[in-house]
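See structure below.
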(Lines give C-alpha, C1' and ligand atoms only; values in the text may rest on other atoms or scores of the structure.)
Protein backbone atom coordinates (compact mmCIF):
# COMPACT_ATOMS: atom_id res chain seq x y z
CA UNK A 1 0.00 0.00 0.00
CA UNK A 2 1.46 3.34 -1.07
CA UNK A 3 0.44 6.48 0.75
CA UNK A 4 -0.28 9.86 -0.77
CA UNK A 5 2.40 12.35 -1.79
CA UNK A 6 4.08 14.11 1.15
CA UNK A 7 2.26 17.17 2.41
CA UNK A 8 5.50 18.71 3.67
CA UNK A 9 7.94 17.33 1.13
CA UNK A 10 9.28 20.64 -0.20
CA UNK A 11 10.76 23.78 1.35
CA UNK A 12 7.81 25.80 0.06
CA UNK A 13 5.47 23.52 2.00
CA UNK A 14 7.42 24.11 5.21
CA UNK A 15 7.45 27.85 4.59
CA UNK A 16 3.70 27.95 3.99
CA UNK A 17 3.00 25.99 7.16
CA UNK A 18 5.43 28.09 9.21
CA UNK A 19 3.71 31.26 8.01
CA UNK A 20 0.31 29.89 9.04
CA UNK A 21 1.62 28.85 12.44
CA UNK A 22 3.42 32.15 13.04
CA UNK A 23 0.07 33.92 12.84
CA UNK A 24 -0.86 32.24 16.14
CA UNK A 25 0.11 34.15 19.27
CA UNK A 26 0.27 30.89 21.27
CA UNK A 27 2.99 29.73 18.88
CA UNK A 28 4.86 33.07 18.71
CA UNK A 29 5.05 33.31 22.50
CA UNK A 30 7.74 30.59 22.35
CA UNK A 31 9.96 32.68 20.04
CA UNK A 32 13.09 34.46 21.13
CA UNK A 33 16.07 36.04 19.36
CA UNK A 34 17.54 32.63 18.47
CA UNK A 35 14.38 30.57 18.05
CA UNK A 36 11.40 30.66 15.70
CA UNK A 37 8.80 28.24 17.01
CA UNK A 38 6.70 28.22 13.83
CA UNK A 39 9.71 27.01 11.82
CA UNK A 40 10.59 24.49 14.53
CA UNK A 41 7.07 23.09 14.38
CA UNK A 42 7.04 23.01 10.56
CA UNK A 43 10.36 21.15 10.58
CA UNK A 44 9.14 18.75 13.25
CA UNK A 45 5.94 18.00 11.36
CA UNK A 46 7.85 17.42 8.11
CA UNK A 47 10.18 14.95 9.81
CA UNK A 48 7.28 13.30 11.65
CA UNK A 49 5.47 12.86 8.36
CA UNK A 50 8.55 11.31 6.75
CA UNK A 51 9.20 8.99 9.69
CA UNK A 52 5.56 7.94 9.91
CA UNK A 53 5.48 7.10 6.21
CA UNK A 54 8.70 5.12 6.54
CA UNK A 55 7.27 3.13 9.43
CA UNK A 56 3.85 2.55 7.85
CA UNK A 57 4.90 2.05 4.22
CA UNK A 58 8.22 0.22 4.63
CA UNK A 59 9.06 -1.06 8.09
CA UNK A 60 5.70 -2.35 9.32
CA UNK A 61 4.93 -4.29 6.11
CA UNK A 62 8.40 -5.89 6.31
CA UNK A 63 7.87 -6.74 9.97
CA UNK A 64 4.62 -8.61 9.35
CA UNK A 65 5.84 -10.33 6.18
CA UNK A 66 6.70 -14.03 6.27
CA UNK A 67 9.97 -13.79 4.36
CA UNK A 68 12.31 -12.57 7.13
CA UNK A 69 14.65 -14.69 9.19
CA UNK A 70 14.63 -14.20 12.94
CA UNK A 71 17.86 -12.22 12.72
CA UNK A 72 16.46 -9.96 9.97
CA UNK A 73 13.32 -9.37 12.01
CA UNK A 74 15.44 -8.47 15.05
CA UNK A 75 17.52 -6.05 12.96
CA UNK A 76 14.30 -4.48 11.71
CA UNK A 77 13.08 -4.03 15.28
CA UNK A 78 16.25 -2.05 16.05
CA UNK A 79 15.78 -0.04 12.84
CA UNK A 80 12.23 0.78 13.94
CA UNK A 81 13.57 1.77 17.36
CA UNK A 82 15.90 4.30 15.75
CA UNK A 83 12.99 5.72 13.76
CA UNK A 84 10.99 5.97 17.00
CA UNK A 85 13.94 7.78 18.62
CA UNK A 86 13.84 10.28 15.74
CA UNK A 87 10.08 10.70 16.23
CA UNK A 88 10.55 11.30 19.97
CA UNK A 89 13.13 14.00 19.23
CA UNK A 90 10.66 15.85 17.02
CA UNK A 91 7.93 15.54 19.63
CA UNK A 92 10.18 16.88 22.38
CA UNK A 93 11.99 19.60 20.40
CA UNK A 94 9.19 22.15 19.88
CA UNK A 95 8.64 24.39 22.87
CA UNK A 96 4.92 24.40 22.11
CA UNK A 97 4.70 20.73 23.11
CA UNK A 98 6.91 20.84 26.23
CA UNK A 99 3.87 19.95 28.32
CA UNK A 100 3.91 16.47 26.76
CA UNK A 101 7.03 15.64 28.75
CA UNK A 102 5.55 16.74 32.04
CA UNK A 103 4.46 14.01 34.42
CA UNK A 104 1.22 14.54 36.22
CA UNK A 105 1.07 14.06 39.97
CA UNK A 106 -1.15 11.02 39.33
CA UNK A 107 1.75 9.35 37.50
CA UNK A 108 4.17 9.81 40.38
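The values are calculated or read from the model by the stated rules, or taken from the named source; none is laboratory data. For clarity, every value in this text was computed on a predicted model and none was experimentally measured. Reconstructed Cβ throughout: ideal geometry from the backbone, glycine too, with neighbour counts over all protein chains shown.
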What helices (runs of 4 or more DSSP H), lying completely within region 1-68, carry at least 3 residues that are within 20 Å of the chain's Cα centre (by Cα) and buried (at least 17 other Cβ atoms within 10 Å of the Cβ)? 11-22, 37-54
Is region 90-105 home to any residue that is assigned to a helix (DSSP H, G or I), touching a helix residue (DSSP H, G or I) at 6+ places or on another chain (Cβ under 9 Å), at pLDDT 95 or above and more than 22 Å from residue 13 (Cα to Cα)? no
